[in-house]
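Undergrad: I am attaching a structure below and will ask some questions about it afterwards.
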Amino acid sequence: MKNHFFRSRRKPLAATLVISAGLLFSGGGYAVATSVVATTVATEYSAEQISEGRKLFLANCASCHGLNSEGSAAAPSLIGVGAASVDFQVGTGRMPGQGSGPQLPKKKVQFTDDQITLMGAYIASLAPGPAIPEQQYLEATGDATHGGELFRINCAMCHNAVGAAGALTEGKYAPNLEGSESKHVYEAMLIGPQNMPVFNDANITPQDKNDIITYLAYLEENPSAGGFELGSIGPVAEGLFIWIFGLGLIVAITVWLGAKSN
Amino acid sequence: MAGKDLEKGFEAEGFEHDFESGLAVIPPDKIKDPGLEPHRVRMTDKSPAKARNAEVQVAAMFLVSVLGSFFALWAYVAFPITEDLSTVRANNFFLGLGMTLSLFGIGIGAVHWAKTLMPDFEVTEARHQTRGSEDVRAAAIEIVKLADSESGFSRRKLIRRTLYGALALFPLPALIVFGDLGPPVGNTLRHTMWKAGTRLTKDPTGIPIKASDVTIGSVFHVIPEGLAEMHEHKLEEKAKAAVLLVRLAQEDLNEAPEKTSWSYDGIVAYSKICTHVGCPVALYEQQTHHLLCPCHQSTFDVTEHCKVLFGPASRPLPQLPISVDAEGYLIAQSDFLEPVGPSFWER
């Protein structure tokens with residue numbers, strides 16, 4: 001019985017079958033994988049939106065980014081950055097930038113949501129790029145445990161384990177994530193703004209991104225089980241606290257122990 | 001200079017020098033022994049009312065301790081730890097507060113009792129000389145001599161020498177046993193799980209990574225294929241084999257001619273274990289291509305084989321030579337060609 005099985009496997013027809021099955025699986029797998037990357041480029045905008053967006057762009061952005069978004073010595077080209085980049089940079093107030101520095105900080109938003117959408121429409125019309133994320137991935141309805149694990153592997157080294165910010169080189173920093181809108185967190189992963197690396201949908205799938213957003217939402221809703229957070233920035237704040245108040249208390253008690261009663 | 005001249009020299013400068021008891025130089029303006037402070041009578045010794053007050057205070061402290069103990073017992077019941085982790089906070093805080101009061105009350109009360117009510121007088125105890133008296137020293141030498149003559153230690157050379165031999169050799173078996181305390185390190189510091197053909201997979205899922213998935217500016221945190229499914233020694237293997245995968249524009253890479261085949265279309269893979277003390281190096285700046293270690297700010301240049309730009313690390317991060325297989329998945333060409341992580345003795 002066993003011998004018969006092995007003999008039949010060596011037949012030429014069997015080999016052909018195995019090869020064609022293998023090709024089918026790998027080809028199918030490839031199609032699935034590429035479709036995952038492609039979903040980020042979608043959303044239709046009307047010609048009117050695009051032309052309105054272009055007007056806003058020319059009035060507010062073109063002096064640095066160039067009349068055709070080709071970029072200049074002062075600012076990068078915006079061709080192919082997609083609506084997600086516009087929504088993130090303008091929607092968090094980072095753009096329009098104020099002065100040059102190591103990093104553009106988050107500040108007061110200068111445009112209305114509609115204006116941001118129009119500018120995004122114009123930039124998206126120049127070349128395909130990351131689109132505004134779908135609402136279903138922004139509701140913080142995912143798995144916070146899995147999101148936490150992904151956050152610790154991919155994000156925590158810069159942003160700190162609870163997203164409380166962290167320093168980089170030469171004045172750059174990974175900002176505090178507390179209070180960030182889900183949409184902006186998603187977009188930041190997708191586009192890799194400024195010095196943040198890109199985490200595309202093949203690396204962290206839209207559902208994984210939703211899990212990470214869920215983890216961040218969980219952190220905001222649940223107080224630290226350990227008590228006083230002291231900014232959650234680790235040994236600097238905690239060390240300073242215990243050196244001043246902990247050691248201070250010990251010194252005070254020691255002085256009292258040694259002092260003679262009145 | 002002879003001893004006598006030295007002595008005269010010191011005397012001329014007004015120094016006393018006692019050549020009999022060592023070489024200590026005692027300057028003439030040395031601080032005088034202030035002696036004991038004058039005895040100060042406590043209020044509790046002068047006034048019975050104050051003493052009564054102090055008594056009440058001590059009793060109050062002990063009462064605080066009693067209340068603290070009851071409070072801790074009550075808190076343990078009132079703030080139970082449930083499935084919800086945040087309940088730990090209130091439980092620990094109030095239980096700890098009660099226990100602190102119960103111990104602190106006893107301690108503070110006892111010290112206050114001793115300081116205010118127990119007898120108040122000073123005691124002086126003079127230091128004695130470390131050196132024994134001549135009689136004691138002579139007696140000790142006599143004992144040693146007696147032991148030597150009775151045992152014949154100096155006389156019986158055969159016994160003495162065999163004893164020396166026995167004493168010299170007895171620690172050797174212990175040394176051999178110490179060798180069994182842990183598994184031998186062997187070659188484990190020089191090799192990781194990576195070998196030719198191992199696929200690069202995502203941490204923590206173990207999903208293999210296609211070269212086409214890694215867009216420019218992307219960072220992937222990578223573990224070798226098979227690590228995600230491991231049950232034993234998983235963390236040990238991960239601690240050695242963790243890799244950071246980055247894609248740069250090909251023109252940004254400044255590769256050494258003999259290492260151009262180690263990257264694939266601008267995708268480079270480096271060990272994530274810092275060569276300083278082994279922290280995970282993973283703070284990647286997309287625009288400057290600097291890779292930063294969170295522990296001591298060692299900075300590596302991804303464009304030039306992760307050479308050290310700044311910080312305490314002294315060696316570049318080891319590069320994992322990569323390639324793609326027939327299905328487009330990224331694979332390792334081999335293990336790292338040098339040991340990963342911090343320096344060690346035989347490196």
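The values are calculated or read from the model by the stated rules, or taken from the named source; none is laboratory data. Everything numeric here is computed off the predicted structure, so don't read it as measured data. Here the Cβ positions follow ideal geometry from the backbone for every residue, glycine too, while neighbour counts run over all protein chains shown.
Undergrad: Can you tell which of A:ILE250, A:ILE244 is more than 14 Å from chain B (Cβ to nearest Cβ), surrounded by fewer than 12 Cβ atoms within 10 Å (Cβ to Cβ) and at pLDDT 95 or above?
TA: Just a single option satisfies the conditions, and that option is A:ILE244.
Undergrad: While we're looking at this one, here's another question. Kindly establish whether A:SER180 is part of a helix (DSSP H, G or I) and more than 14 Å from chain B (Cβ to nearest Cβ).
TA: It is false that A:SER180 is part of a helix (DSSP H, G or I) and more than 14 Å from chain B (Cβ to nearest Cβ).
Undergrad: Same structure, new question: Report the residue count in the range B:281-302 for those that are under 19 Å from the mean Cα position of the chain (by Cα) and either buried (at least 19 other Cβ atoms within 10 Å of the Cβ) or within 7 Å of another protein chain (Cβ to nearest Cβ) (or both).
TA: Residues flagged as under 19 Å from the mean Cα position of the chain (by Cα) and either buried (at least 19 other Cβ atoms within 10 Å of the Cβ) or within 7 Å of another protein chain (Cβ to nearest Cβ) (or both) within the range B:281-302 amount to 1.
Undergrad: In this structure, is B:ALA241 more than 12 Å from every other protein chain (Cβ to nearest Cβ) and either hydrophobic (A, V, I, L, M, F, W, C) or touching a helix residue (DSSP H, G or I) at 6+ places or on another chain (Cβ under 7 Å) (or both)?
TA: yes
Undergrad: Of the numbered conditions (1) touching a helix residue (DSSP H, G or I) at 6+ places or on another chain (Cβ under 7 Å); (2) modelled with pLDDT under 90; (3) not acidic (Asp, Glu), A:VAL32 satisfies every one except a single condition; which is it?
TA: Just one mismatch for A:VAL32, condition (1).
Undergrad: What is the residue count in the range A:149-174 for residues that are more than 11 Å from chain B (Cβ to nearest Cβ) and at pLDDT 95 or above?
TA: Within the range A:149-174, residues that are more than 11 Å from chain B (Cβ to nearest Cβ) and at pLDDT 95 or above number 1.
Undergrad: What pairs come out if I take residues in the range A:51-72 that are on the phi > 0 side of the Ramachandran plot and pair them with residues that are among the β-branched types (Val, Ile, Thr) and part of a helix (DSSP H, G or I) whose C-beta lies under 7 Å away, six or more apart or interchain?
TA: A:SER69/A:ILE123
Undergrad: What single numbered condition from (1) farther than 18 Å from B:GLY328 by Cα; (2) out of contact with any helix residue (DSSP H, G or I) (no Cβ under 7 Å at 6 or more places or on another chain) fails to hold for B:GLY197?
TA: Single failed check for B:GLY197: (1).
Undergrad: Oh, and also: From the list A:PRO193, A:PRO133, exactly one residue is touching a residue at least 40 places away in the same chain (Cβ under 8 Å) and within 14 Å of chain B (Cβ to nearest Cβ). Which is it?
TA: A:PRO193
Undergrad: Under the condition of being free of Cβ contacts under 8 Å to residues at least 12 places away in the same chain and part of a strand (DSSP E or B), which residue from the range B:274-303 is farthest from B:VAL340 (Cα to Cα)?
TA: Result: B:GLU285.
Undergrad: Mind checking whether some residue in the range B:181-192 is closer than 30 Å to B:LEU245 by Cα and within 14 Å of chain A (Cβ to nearest Cβ)?
TA: No, there is no match, as no residue in the range B:181-192 is closer than 30 Å to B:LEU245 by Cα and within 14 Å of chain A (Cβ to nearest Cβ).
Undergrad: Before we move on, is B:HIS231 modelled with pLDDT of 95 or more and either within 12 Å of chain A (Cβ to nearest Cβ) or surrounded by fewer than 16 Cβ atoms within 10 Å (Cβ to Cβ) (or both)?
TA: no
Undergrad: Looking only at the range A:97-130, which residues are in a loop (DSSP other than H, G, I, E, B) and either more than 14 Å from chain B (Cβ to nearest Cβ) or closer than 14 Å to A:ASP211 by Cα (or both)?
TA: Listed by number, the residues that qualify are A:GLY97, A:GLN98, A:GLY99, A:PRO105, A:LYS106, A:LYS107, A:LYS108, A:VAL109, A:GLN110, A:PHE111, A:THR112, A:ALA127.
Undergrad: Let me ask something additional. State whether one or more residues within the range B:221-232 are of a type in the set (Val, Ile, Thr) and touching a residue at least 24 places away in the same chain (Cβ under 8 Å). Give the derivation first.
TA: From the range B:221-232, those of a type in the set (Val, Ile, Thr) are B:222-223; that's our starting set.
Narrowing further to those that are touching a residue at least 24 places away in the same chain (Cβ under 8 Å): B:222.
The answer is yes, given that some residue of the range B:221-232 is of a type in the set (Val, Ile, Thr) and touching a residue at least 24 places away in the same chain (Cβ under 8 Å).
Undergrad: For the range A:131-138, indicate whether the set of residues that are surrounded by fewer than 18 Cβ atoms within 10 Å (Cβ to Cβ) and assigned to a loop (DSSP other than H, G, I, E, B) is non-empty.
TA: yes
Table: residues versus (1) in contact with a strand residue (DSSP E or B) (Cβ under 8 Å, 6 or more places away or on another chain); (2) of a type in the set (Lys, Arg); (3) closer than 21 Å to A:LEU168 by Cβ.
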position	(1), (2), (3)
B:ALA211	yes, no, no
B:VAL214	yes, no, no
B:VAL219	yes, no, yes
B:GLU225	yes, no, no
B:LYS238	yes, yes, no
B:LEU244	yes, no, yes
B:LEU253	yes, no, no
B:GLN286	yes, no, yes
